[in-house]
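Accompanying notes for the structure given below.
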């Protein structure tokens, strides 16, 4: 086991570029992979080497294990970083890398297998001593059996697909009489999405926060936690804003240590090494329950990097190369506050419908305390084949209040033209007194959006005339271009006469 | 005394924008000022309000005290931030603000007056107990008197303009027989530049480092230091790269505290409040001598911000509003390492000649640990009227080695087209084993440039064909545009026939 | 001038005493009454200091619009904004719907997206069926103003 | 093809088996033999992964050059790259100079800048005097190849 020399990044978009950056800083070589849709993608431009995988559908490219391994062999890559999503939590892929003698930068295939299924993860975590939400230990496919169990747990309950992710196959059930129909719809959605219709049932913790703990282990048995992230601001069970530290910690001295300890125990029970995240539901009173484990680098890892001062990707690569963790638990300290906004190509004014297409203009925020992990550039056409995330805007400041103000400043500097984005959503949330007070729960955003469905505030009265001025100027300039095409003038003249 | 509500920034370029950003984050309003050349400058675009000062020459705009005060009154600004350069160390300007009832965000005019002259500053610092370089306490204009003094101090000596700055009126004298002619040339240069030909003489500390201490004081008598910056990489006495911490500190435990203490004493002797910098010469053996004090925010303040986690501009504004320092000396700790490169529009291949003009293309670095404080945008024409600094690229990482690697990565991502820049200079320096080892002194870069005057390394052999490929494609695309102008074709055809 | 500029649906007269400069293509710095504005003009939107605004220009020589004008002719056609798969149909031909009511759910880019009626009216036609793949621009449903 | 491309002064033949795509105007992603290159083409320079290269194209239809070709005709004219003030003249008419030798020092943008001879030769003319203000493009000196 030794530090890899050349690392293939089996991913795309911002996370591929983020990994490439650290690979370069470590003096190692990077290999990007790409589908037809991504030939001109930023991660391909910025990598040292690049390998074409195939057609645009993920099954032909980023999810295609044989093609990715072939690319790694062709480029003599001795390690693969899976990023997040795609194959990152696929035990078979990790095993295939192991078999091919290629270092998989992540946990063992065995750990992924143990923690990949939610029911198995619950068993492992429980055995490790982590508190878990009352619920089933096995997946269920029979609605009648589900009804019996739910009655035993007590309502409200959550139904969740065993193989699930991204909010698919999830249902909240408030009353016994709704259980059967909701169970059936969850199960069929799970079957459609994951080829596995089995569902588990959990007690629903009302107004719960999503608080997760970053853990890190090496191959020598050392396991630490790197503090928590609060990810309670979610839309349809998808994280939208993440931050570290969680505002909950200031209210409950010692809670971070207790949660960190529980997370480390759960990870240890799975024989875990490399980066991982243990997700908890936490109540305002400071109780917490194991939710699931993500056996990979998390989208929101930058907030942990900013408060701990660590480069988690560097640490992943070093640990995968056999290095011991260069610190003990007592060496870890958190400084200040970090917040991340996930910038998506989607239209908040139209039910958050995805808005792929060409980015015609782009102005990116920078300056003090601003980190932008982006995967796009002006002129790039956001493909419709993948997740519509464009970038992650992350800020750090000495306090949470200052971090919020900094994020608002950075958002004001961010302009993305040509496609719709959710930038305005963040302007809404960051202005909310309840968000600013840190009073969060996983239903927070859905509730907010219900009360403010038309959340684009009307501009001040002096703004539209300014817009009109710029618009007139723009059209004046476009006119001479039209003049170069005489037939267009003739057509316009005719149209005018017809009026 | 209260927190200002609206702040006029009496400056331009990156520092104006940097101040505007913090002003916005504090929920206050910003007023930019601009000259004719700067109507479309980034700081004007990004401010809440903007006031035209006058014609492009600094004397008509950024150095014109009545115009700036008139703009502040017209916009109802209750405070002025001077940035660095221009009027930032002008005691008369600070006094004029005080008289006009406008908060000057900086020290008192009295402190500026005391520390603005190098000889006066030496006296104050010496009285405060700071070690000073053996030399004259008064400016001298007579070469014969200078010769007597220099012989007493012992060679080599440095001649420095009393009113000086930016390397003007400075001469190194190695031998007694050179003193008179070098004194005369330094004195006449000083007279030309500062309308004051007086010169002071100091013992030259061989291979000295430039190490400076950031200090901060409030109006209630609290004064702390915020660690040091090493600024030894200079070209013609102008800083080029700055970093914090100084590599010297790891070699001399306790040195930071001793230097910090000396800096605070010097500042206290001047009745100092707000941000200031005490510059020292330091030897590898850990001796140090007071050099001068800068009574303003320093260009290189971001490296201190990154290692301390403080926003110095926010602190300046708060303290100017009467707030007490929100921390004591013991609360200050440094984390990791930060490095700054000053990106200039100048041509390293042509004696660093300034290269103003239009920026035709721009790609800026971002991602983990990268901060860019820039004052330019694609399409901006760098005016020839002011200092040619474009931006400051600053990185932070857990260790100095990692920060160097990160800076190299960020520099590789930085493209500025249309004008010449000194980006290649940083690629040279950061690759140097002696820089990487932290073996620095103020003559370091001038020596390096002497040994490597043609420092642009030849590209690898496989690179030129790639360049040719892109070039041919570019010209292919430009051809159709040319086709639209028949006379150009005819002219080309004729030229061909003439061959 | 017969040109009329509508911003966010209302006619607007630009100030005559402002300073305007185009900094980058489509990016303007405007100073008016001492205030500084940064304006981005794109094909479908104007952004003034982060406020997104829709616009229309009526001009003898040009007709540009950015706001969807569905419904003005008494009829709205709901089309797929991108390729995807119809996963659910929430109404049927002949049903009365209100503006904002969901009509069809399309899955695209790994997300389910509800397409809504822009007008109050009657569903004239549902042009697709569940589980059908649809191309960008494909007509999904047609709604007509009632009466 | 009679077009010849010179990169850093030498003729170069581009690879025929590379994949090229223009990502932004003047910005290319090129993949060749598995390696990824990012190339910026500007009016006066090509940058390949941070390596700046000068270029010339000779073409029946076009003539583009970026590298200063001063001297090819046996003569070099040193001009002021920007407005400034002549602060020092380092040689005189009739003197023999070598390529790289300083000829005139001009102060501009708060800095003193030494303008050098691009060729070995003889100073034919010094067109300015000390303390003289000069406009951009003003001729400062002329050098001729000796012999």
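In the list A:474, A:402, A:456, A:408, which residue meets the criterion of being at pLDDT below 95, under 30 Å from residue A:302 (Cα atoms) and either touching a strand residue (DSSP E or B) at 6+ places or on another chain (Cβ under 8 Å) or surrounded by 17 or more Cβ atoms within 10 Å (Cβ to Cβ) (or both)? Let's see the steps before the verdict.
Values: A:474 fails: under 30 Å from residue A:302 (Cα atoms); A:402 fails: at pLDDT below 95; A:408 fails: at pLDDT below 95.
Every option except A:456 fails the conditions.
Return yes or no: is residue D:40 at pLDDT 95 or above and either closer than 11 Å to residue B:471 by Cβ or in contact with a strand residue (DSSP E or B) (Cβ under 8 Å, 6 or more places away or on another chain) (or both)?
Values: at pLDDT 95 or above: yes; either closer than 11 Å to residue B:471 by Cβ or in contact with a strand residue (DSSP E or B) (Cβ under 8 Å, 6 or more places away or on another chain) (or both): yes.
Against the criterion (at pLDDT 95 or above and either closer than 11 Å to residue B:471 by Cβ or in contact with a strand residue (DSSP E or B) (Cβ under 8 Å, 6 or more places away or on another chain) (or both)), residue D:40 qualifies.
When the range D:10-21 is examined, which residues are found to be surrounded by 18 or more Cβ atoms within 10 Å (Cβ to Cβ) and either farther than 13 Å from residue B:477 by Cβ or more than 7 Å from chain B (Cβ to nearest Cβ) (or both)? If you could, list the steps in order and put the result at the bottom.
Going through the range D:10-21, the residues surrounded by 18 or more Cβ atoms within 10 Å (Cβ to Cβ) turn out to be D:12, D:14, D:20.
Matches in the range D:10-21: D:12, D:14.
Please determine whether any residue of the range B:26-42 is within 26 Å of residue B:372 (Cβ to Cβ), part of a helix (DSSP H, G or I), more than 9 Å from every other protein chain (Cβ to nearest Cβ) and touching a strand residue (DSSP E or B) at 6+ places or on another chain (Cβ under 8 Å). The answer is no, given that none of the residues of the range B:26-42 is within 26 Å of residue B:372 (Cβ to Cβ), part of a helix (DSSP H, G or I), more than 9 Å from every other protein chain (Cβ to nearest Cβ) and touching a strand residue (DSSP E or B) at 6+ places or on another chain (Cβ under 8 Å).
Checked against the criterion of being farther than 28 Å from residue B:387 by Cβ and buried (at least 17 other Cβ atoms within 10 Å of the Cβ), the candidates B:255, B:226, B:182, B:204 yield just one match: B:255. Restricting the search to the range D:32-42, which residues are surrounded by fewer than 23 Cβ atoms within 10 Å (Cβ to Cβ) and more than 7 Å from chain B (Cβ to nearest Cβ)? If the condition is that a residue be surrounded by fewer than 23 Cβ atoms within 10 Å (Cβ to Cβ) and more than 7 Å from chain B (Cβ to nearest Cβ), then D:33, D:34, D:35 are the ones that fit. Checking each residue in the range B:320-344 for being surrounded by fewer than 16 Cβ atoms within 10 Å (Cβ to Cβ), more than 14 Å from chain A (Cβ to nearest Cβ) and at negative phi picks out B:324, B:328, B:329, B:330.
Quick check on residue A:54: is it surrounded by fewer than 19 Cβ atoms within 10 Å (Cβ to Cβ), touching a strand residue (DSSP E or B) at 6+ places or on another chain (Cβ under 8 Å) and at positive phi? It is true that residue A:54 is surrounded by fewer than 19 Cβ atoms within 10 Å (Cβ to Cβ), touching a strand residue (DSSP E or B) at 6+ places or on another chain (Cβ under 8 Å) and at positive phi.
Can you name every residue in the range A:306-323 that is assigned to a helix (DSSP H, G or I) and over 17 Å from the mean Cα position of the chain (by Cα)? Answer for the range A:306-323, where residues must be assigned to a helix (DSSP H, G or I) and over 17 Å from the mean Cα position of the chain (by Cα): A:307, A:308, A:314, A:315, A:316, A:317, A:318, A:319, A:320.
From B:189, B:147, grab the single residue that is at negative phi and modelled with pLDDT under 90. So that I can check it myself, show each step before the final result.
Numbers: B:147 fails: modelled with pLDDT under 90.
That would be B:189, the only listed residue that is at negative phi and modelled with pLDDT under 90.
Within the range A:438-466, track down each residue that is in a loop (DSSP other than H, G, I, E, B) and within 14 Å of chain C (Cβ to nearest Cβ). Outline the logic, then answer.
Initial filter on the range A:438-466 (in a loop (DSSP other than H, G, I, E, B)): A:438-443, A:452-462.
Result: A:453, A:454, A:455, A:456, A:457, A:458, A:459, A:460, A:461, A:462.
Take residue A:88 and decide whether it is more than 14 Å from chain D (Cβ to nearest Cβ) and part of a loop (DSSP other than H, G, I, E, B). Walk me through how you get there before you give the answer.
On the way: more than 14 Å from chain D (Cβ to nearest Cβ): yes; part of a loop (DSSP other than H, G, I, E, B): yes.
Answer is yes for this residue.
Kindly indicate the residue of the range B:48-68 that is within 14 Å of chain C (Cβ to nearest Cβ) and in a strand (DSSP E or B) and also farthest from residue C:49 (Cα to Cα) among those meeting that condition. Among those that are within 14 Å of chain C (Cβ to nearest Cβ) and in a strand (DSSP E or B), it is B:53. Which one of the conditions (1) outside any helix (DSSP H, G or I); (2) buried (at least 20 other Cβ atoms within 10 Å of the Cβ) does residue B:114 fail to meet, given that it meets all the rest? Among (1) outside any helix (DSSP H, G or I); (2) buried (at least 20 other Cβ atoms within 10 Å of the Cβ), the lone unmet condition for residue B:114 is (1). Of the candidates D:115, D:140, the single residue that is outside any loop (DSSP other than H, G, I, E, B), modelled with pLDDT of 80 or more and touching a helix residue (DSSP H, G or I) at 6+ places or on another chain (Cβ under 9 Å) is D:115.
Only one of the numbered conditions (1) in contact (Cβ under 8 Å) with a residue 60 or more places away in the chain; (2) over 18 Å from the mean Cα position of the chain (by Cα) is violated by residue B:303, and that is (2).
Applying the criterion of being at pLDDT below 80 and in contact with a strand residue (DSSP E or B) (Cβ under 6 Å, 6 or more places away or on another chain) to the residues of the range D:51-66, the residue that is nearest to residue B:424 (Cα to Cα) is D:66.
Every listed requirement among (1) at the interface with chain A (Cβ under 8 Å from one of its Cβ atoms); (2) touching a helix residue (DSSP H, G or I) at 6+ places or on another chain (Cβ under 8 Å); (3) buried (at least 21 other Cβ atoms within 10 Å of the Cβ); (4) at pLDDT 90 or above is met by residue C:29 save one, (1). Selection within the range C:104-114: residues that are crowded, with 22+ Cβ neighbours inside 10 Å and more than 7 Å from every other protein chain (Cβ to nearest Cβ). The member of this set that is farthest from residue A:85 (Cα to Cα) is C:104.
Can you tell me which residue among A:349, A:275 is surrounded by fewer than 22 Cβ atoms within 10 Å (Cβ to Cβ) and not in a loop (DSSP other than H, G, I, E, B)? Unique residue meeting the criteria: A:349.
The values are calculated or read from the model by the stated rules, or taken from the named source; none is laboratory data. Model, not experiment: these values are computed from the prediction. FYI the Cβ positions are ideal-geometry reconstructions off the backbone, even for glycines, and counts take in every protein chain you see.
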